[in-house]
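Only one structure is covered here, and it is reproduced in the block below.
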Amino acid sequence: MAYVITEDCLACGVCLAECASNAIQEGDLYVINDECTECGACVECCPVGAIIEK
């Protein structure tokens, strides 16, 4: 996994809609799982920059 979601996550759901591989799991803080294809779509769409390279 090349990306992680930091504590800055607002759990707004924007990244869920952008993730083609359904690799983001909902929760108090969202988590990127092993299904991640490292496409970077979630990084670009996050409104608060909470998804960063590991």
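The values are calculated or read from the model by the stated rules, or taken from the named source; none is laboratory data. Keep in mind the model is a prediction, meaning the values are calculated, not measured. Reconstructed Cβ throughout: ideal geometry from the backbone, glycine too, with neighbour counts over all protein chains shown. Ligands, DNA and RNA are excluded from the accessible area calculation, which covers all protein heavy atoms including side chains. Shrake-Rupley method; radii C 1.70, N 1.55, O 1.52, S 1.80 Å.
Each label point is 7 Å from the Cα along the Cα-to-Cβ direction; what then is the distance between the points at CYS45 and VAL31, in nm?
2.1 nm
Carbon-plus-sulfur fraction of the accessible area of the chain, 1.4 Å probe, in percent? Let's see the in-between values first.
Details: 1590 of 3520 Å².
For the chain, the apolar C and S fraction of the accessible surface comes to 45 percent.
What ³J(HN,Hα) values, in whole Hz, does the Karplus curve 6.51 cos²θ - 1.76 cosθ + 1.60 give for region 44-49 when θ = phi - 60°, with x put for Gly and Pro?
Residue by residue, region 44-49 yields 5, 8, 5, x, 10, x Hz.
Contact order normalised by length for the chain, with contacts defined as Cα pairs under 8 Å and 6 or more residues apart; what percent is it?
Working: 90 pairs, mean separation 26.8, N = 54.
For the chain, the relative contact order is 50 percent.
Under a plain spin-label model, where a point goes 7 Å from the Cα along Cα-to-Cβ, how far apart in nm are LYS54 and ASP8?
2.0 nm
Identify unpaired cysteines across the chain, taking unpaired to mean no other cysteine Cβ lies under 4.7 Å from the residue's Cβ.
CYS9, CYS12, CYS19, CYS36, CYS39, CYS45, CYS46, each lacking another Cys Cβ under 4.7 Å.
Per residue, how large is the accessible surface of the chain? Use a 1.4 angstrom probe and give square angstrom.
Details: 3520 Å² over 54 residues.
Roughly 65 Å² per residue, with all protein chains present.
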